[in-house]
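Read-outs throughout are calculated quantities, based only on the coordinates presented, and are distinct from any laboratory measurement. The model shown is predicted, which means the values in this text are computed figures rather than measured ones. Backbone-built Cβ (ideal geometry, glycine too); neighbour counts: all protein chains shown.
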Ligand SMILES: [Zn+2]
């Protein structure tokens, strides 16, 4: 069985898909008992398909921004159909709509 990525069908918008990947990164970091103060590399959740920016956040901060918004992106990056709710040094927070 190959895990070939497919571009067809019901692909989610990149911010939604990336958000789910980040949730898995956070879950993995927790499972490996990462020190919650150590920065973990998360993927920028912007709408730019070619974006490869990483957002380094301690798990504890990821958890708090996750509760405060729908998408987290690298500073200056944008999410379609979403508005900025907070701007920080390392990360910008967007909310849908
Ligand atoms: Zn980005």
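To the nearest 0.05, what FRET efficiency results for residue 60 and residue 86 with a Förster distance of 22 Å applied to their C-beta separation? For residue 60 and residue 86, the calculated efficiency is 0.85. Peptide packing: for 69-75, 83-89, 50-56, the average count of neighbouring Cβ atoms within 10 Å per residue gives the ranking 69-75, 50-56, 83-89, highest mean first. FRET efficiency for the residue 52 to residue 28 pair, using the beta carbon distance and R₀ = 22 Å, is estimated at 0.70.
Computed over the Cα atoms of the range 58-97, pair by distinct pair, the Kirkwood hydrodynamic radius stands at 10.0 angstrom. For the chain, would you read off the P(r) tail past 16 Å as a percentage of all alpha carbon pairs? More than 16 Å apart: 55 percent of the Cα pairs in the chain.
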